[in-house]
């Protein structure tokens, strides 16, 4: 279950924005919901094309002088990148620019097995190869020890990065990072490739020509690093998407084709996010990031096509590995369902590809709404990747357990760790204690709707306006709308029942929706049900007829009580983990009438997902409902697949005396002893 939040645009601010801009009310409602409240802000959002002075970034002037002198003097320069999409694109941009200037330049990207950032064996190799100046891109801000080693070897170092710096900066000719505490530049949200783009702008003394030359590549790195698509990032991606359709980069051209893009069709940020960036990242997750870098440098059509196909093959391997990790993680959860009753989900396995566990963690977060840590054991050492909601700051959690870890890093919603395999259990228990003390309500993923939409808004000309808000991405997602009190008319299966399509009436407006969140068999709503829908809207054109496409993100009964649901779910989780207040146990215990109601619900629906919604509508809160399912499972009356969020009744001719349930006896015992 997701938490819903629906923004309500301020009417006075909305009226003023409509008057100042002359924009349609529909689009202004979205803008105000997103904090764009004045003509000036709207002008920047839609038409902004100005970059702040790159030389305003701390040490940028020093970087320009150092690199320019190295090029002019024939100094051997090596660009030191990172194995992800942002790092590869950053490396390509600076390498190709310095090479075009006539510099003696090479590049180096470490493999994932080497680890992130500068490492001494690589430094030794580059020194042996004659490197005199190292320039980091998308890394280096934390490499204090490695920077000292570089100086000791007699090489120079320029750091360009966009990650949060430590208190002590590495010693270098220049350390360019907008997040430095002594940096007062205007825009801070650049990806690593954005910092490189501004370095090239500073060296070139011009923004427009550099943007024309590199925006297509910089757009890929910016989208791939999931930075906010506002301000200068928005300019980079918007211009990059425009240029990409006629890109002169042969490797990118072939990669677009291998990813399914057809000439003449629009390239969107969503296409980059789900088709292009994963293929580039796949090279770093398997084998070597060199494949992706060599593709972007490729000048031969046949070779470029072969490398593009190789990235697609690696990406398919990544998908298979991701599916396998999630399958094994869910096997663990099925064996111990109480793992999902913790405030934090922790799963681990042997030999899971460490380059994939971060993706698996993100998928588990989306599916269960639970902050989670996925760990893979590799002999005596284990690596972990974590993703979180706003409920749990991951860095703080890991910092509280730092004495149990070999190393860790990250930020609020994403983090990584290394730990001795024999310390996993101790770390798990310490993490549970930390979360139990600080998170008082079960975590859930938040779906934030821009606004409630009304039947009169459901016009093609309104929905077409949404395209003007692109490019979509982090910080500027595709608008999400609340459609309240929709009456379901019919439903049908899609993709052999994997997904569900349903027709509904919304205040007299007839529409059809596609829902990927439940199979047809498990879809809990039927004809005549009144539901609220959170959905993205778009215009679909078929046979010269345009209609509104409704892509459902979540759906529930219109009278669903969110606060009551999450309070009850929290109580159930606390009971399962033995931390519930004993005074609540008596109220949580179901009676025979409650159990009869749940049995009737399951008998009527057969198998269903989101069964808690049905129970809530029948007047049984989530906590009692889950207790009843535990009782039914004890007597073999029902089967719950917690990983699929489905419940089904098991036919039986044997009459069970549910009053003798061990589950209920345990609750009475806990209540008596509290």
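Numbers below:
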{"item": "Listing of helices (runs of 4 or more DSSP H) fully contained in region 385-468 that carry 3 or more residues being outside the structural domain of residue 342 (by TED's automatic domain parsing)", "result": "460-464"}
{"item": "Tally of residues being part of a loop (DSSP other than H, G, I, E, B) and either surrounded by fewer than 21 Cβ atoms within 10 Å (Cβ to Cβ) or touching a strand residue (DSSP E or B) at 6+ places or on another chain (Cβ under 9 Å) (or both) across region 114-163", "result": "21"}
{"item": "Hey, residue 608 modelled with pLDDT of 75 or more, in the same structural domain as residue 668 (by TED's automatic domain parsing), surrounded by 13 or more Cβ atoms within 10 Å (Cβ to Cβ) and over 22 Å from residue 658 (Cα atoms) or not", "result": "no"}
{"item": "Qualifying residues in region 494-520 (those that are surrounded by fewer than 16 Cβ atoms within 10 Å (Cβ to Cβ) and in a loop (DSSP other than H, G, I, E, B)) - the one modelled with the highest pLDDT", "result": "507"}
{"item": "Selection status of residue 89, closer than 29 Å to residue 468 by Cβ, assigned to a loop (DSSP other than H, G, I, E, B), touching a helix residue (DSSP H, G or I) at 6+ places or on another chain (Cβ under 9 Å) and modelled with pLDDT of 95 or more", "result": "no"}
{"item": "Candidate set: region 517-563, residues that are free of Cβ contacts under 8 Å to residues at least 24 places away in the same chain and under 19 Å from residue 499 (Cβ atoms); chosen: the one nearest to the chain's Cα centre (by Cα)", "result": "540"}
{"item": "Only one of 359, 325 that is part of a helix (DSSP H, G or I), modelled with pLDDT under 95 and surrounded by 22 or more Cβ atoms within 10 Å (Cβ to Cβ)", "result": "359"}
{"item": "Check on residue 198, under 30 Å from the mean Cα position of the chain (by Cα), closer than 26 Å to residue 475 by Cα, in the same structural domain as residue 85 (by TED's automatic domain parsing) and assigned to a helix (DSSP H, G or I)", "result": "yes"}
{"item": "Which numbered condition residue 479 misses (of (1) exposed (fewer than 15 other Cβ atoms within 10 Å of the Cβ); (2) in contact with a helix residue (DSSP H, G or I) (Cβ under 9 Å, 6 or more places away or on another chain); (3) not assigned by TED's automatic domain parsing to the domain that holds residue 381)", "result": "(1)"}
{"item": "Checklist (1) closer than 18 Å to residue 96 by Cβ; (2) in contact (Cβ under 8 Å) with a residue 12 or more places away in the chain applied to residue 248, failing item", "result": "(2)"}
{"item": "Test for residue 573: is it in a helix (DSSP H, G or I) and either surrounded by 15 or more Cβ atoms within 10 Å (Cβ to Cβ) or modelled with pLDDT of 90 or more (or both)", "result": "yes"}
{"item": "Residue in region 411-428 that is touching a residue at least 60 places away in the same chain (Cβ under 8 Å) and closer than 21 Å to residue 142 by Cβ present", "result": "yes"}
{"item": "Count of region 31-41 residues which are touching a helix residue (DSSP H, G or I) at 6+ places or on another chain (Cβ under 9 Å), in a helix (DSSP H, G or I) and buried (at least 19 other Cβ atoms within 10 Å of the Cβ)", "result": "2"}
{"item": "Residue in region 586-593 that is under 25 Å from residue 558 (Cα atoms), outside the structural domain of residue 364 (by TED's automatic domain parsing), assigned to a helix (DSSP H, G or I) and in contact with a strand residue (DSSP E or B) (Cβ under 6 Å, 6 or more places away or on another chain) present", "result": "no"}
{"item": "Residue identified as surrounded by fewer than 23 Cβ atoms within 10 Å (Cβ to Cβ) and at pLDDT below 95 among 204, 294, 248", "result": "248"}
{"item": "Positions within region 576-585 being assigned to a loop (DSSP other than H, G, I, E, B) and under 26 Å from residue 636 (Cβ atoms), in sequence order", "result": "577, 578"}
{"item": "Residue in region 173-180 that is over 22 Å from residue 89 (Cα atoms) and either in contact (Cβ under 8 Å) with a residue 12 or more places away in the chain or in contact with a strand residue (DSSP E or B) (Cβ under 9 Å, 6 or more places away or on another chain) (or both) present", "result": "yes"}
{"item": "Meets criteria (touching a helix residue (DSSP H, G or I) at 6+ places or on another chain (Cβ under 6 Å), assigned to a loop (DSSP other than H, G, I, E, B) and within 30 Å of residue 532 (Cα to Cα)) for residue 620", "result": "yes"}
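Residues checked against (1) under 24 Å from residue 110 (Cβ atoms); (2) surrounded by fewer than 19 Cβ atoms within 10 Å (Cβ to Cβ); (3) without any contact (Cβ under 8 Å) to a residue 40 or more places away in the chain:
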position: 252; (1), (2), (3): yes, no, no
position: 255; (1), (2), (3): yes, no, no
position: 281; (1), (2), (3): yes, no, no
position: 284; (1), (2), (3): yes, no, no
position: 301; (1), (2), (3): no, yes, no
position: 313; (1), (2), (3): yes, yes, yes
position: 317; (1), (2), (3): yes, yes, yes
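Every residue, every condition in (1) surrounded by 11 or more Cβ atoms within 10 Å (Cβ to Cβ); (2) under 33 Å from the mean Cα position of the chain (by Cα); (3) in contact (Cβ under 8 Å) with a residue 12 or more places away in the chain, yes or no:
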{"position": "602", "(1), (2), (3)": "yes, no, yes"}
{"position": "620", "(1), (2), (3)": "yes, no, yes"}
{"position": "641", "(1), (2), (3)": "yes, yes, yes"}
{"position": "657", "(1), (2), (3)": "no, no, no"}
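For (1) at pLDDT 95 or above; (2) in contact with a strand residue (DSSP E or B) (Cβ under 8 Å, 6 or more places away or on another chain), each residue gets a yes or a no:
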position	(1), (2)
3	no, yes
9	no, yes
24	yes, no
36	yes, no
48	no, no
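The values are calculated or read from the model by the stated rules, or taken from the named source; none is laboratory data. Just so we're clear, the structure is a prediction, and the values are computed from it rather than from any experiment. Note that we place each Cβ from the backbone using ideal geometry, even for glycine, and neighbour counts take in every protein chain shown.
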